[in-house]
Amino acid sequence: MAERQNELAEQITWNEFAKWRQTPEGVAFLAWQKPAFGLAQALRDRDSDWLQGWARVIGQAQAEIPGDEKQRLMRRPASLRQSGLKVAALLSFAVAGLFLLGLLAQLFALSVMDSAPATGDFSYADCLVLLEDPDNVLISEADCDAISPASAGSIIPQAIPLALFLGLGVALTVVRRKKQTAAREDQTVENESGARAERWRFDPLAVEPGYTGFTWYESPRAEGYADRLMQVALFDGHGRPPAQSDLLTVEMPIARAPHSTNPADINRLLEEFGQKARA
């Protein structure tokens with residue numbers, strides 16, 4: 001039933017459109033539609049040629065740039081970040097933190113050992129005797145190790161790597177800062193970018209995909225003109241029929257004139273667009 005209702009509604013819509021085509025507005029629309037389609041397609045073809053022309057210009061310019069200049073630009077972000085040194089420094093500080101925890105645990109054990117004689121005069125030898133007692137359920141081997149005089153010697157194995165890794169982390173941080181400062185003060189990449197922009201009027205190594213230095217048409221109102229034409233011309237009987245006031249002027253936008261500062265390929269395209277408009 002729903003499908004039948006949809007078919008009926010579709011038929012009613014097309015019947016109304018067929019009647020509307022016989023009205024003065026409908027006749028005007030049908031006379032406008034074909035040239036509007038043609039102009040919209042021509043505009044899209046011209047936009048495509050424009051993008052391809054700039055892509056060729058950019059590719060040719062990039063091919064002329066020395067490889068070492070490209071490499072310097074590619075390495076620039078990494079030289080400013082120095083991520084490898086940063087990661088190495090963080091790892092060194094992390095390892096030093098682990099040894100610091102171990103050292104603090106040893107110092108805590110020593111403090112317990114030092115306070116034991118004052119509270120109960122319980123020595124390491126007494127602990128060992130009590131540990132050998134078959135009826136002992138209070139003292140463990142770990143308790144005796146904690147008050148062993150030999151435990152003081154374990155501080156050194158913890159302190160030495162702590163100092164080494166801490167010093168390494170500080171050294172890596174200092175080296176990273178120096179390298180970052182040197183990279184920021186090195187103006188080679190900036191100077192080369194400025195030279196490229198002066199030569200080509202843009203930097204071929206800094207453009208995004210789809211870059212064009214400027215539009216091929218003079219009037220900013222031509223932006224999206226092809227899409228607006230197609231939106232009206234593709235009316236197929238659904239919705240509100242376009243009134244004569246909705247019909248856009250079917251006129252090719254005026255192309256820019258070639259200029260001496262433009263790349264040669266771009267000027268050739270502009271000349272071609274101008275010749276087609278005059279024809």
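Quick notes on this structure:
- A straight Cα-to-Cα reach below 19 Å connects residue 276 with the aspartates and glutamates 45, 47, 49, 218, 251, 265, residues fewer than 8 places away in its own chain not being considered.
- Mean Kyte hydropathy of -1.0 or more with a Cα span along the axis of at least 30 Å, helices from DSSP in the chain: 24-64, 83-120, 155-185
- Prolate/oblate/rounded label for the chain (Cα gyration tensor, a/c 1.5): oblate
- Sum of -39500 (n - 2.57) over DSSP H runs of 4+, divided by residues of the chain (222 nm, nearest 500): -24000 deg cm²/dmol
- Taking a straight line from the alpha carbon of residue 179, these lysines sit under 21 Å away, with near neighbours fewer than eight places off in the same chain left out: 70, 86.
- Cross-link partners of residue 19 among lysines (Cα-Cα below 22 Å; sequence separation of 8 or more within a chain): 34
Quick note: the coordinates plus some simple rules give every number you see, no bench work behind them. All figures in this text were calculated on a predicted structure; none of them were measured in a lab.
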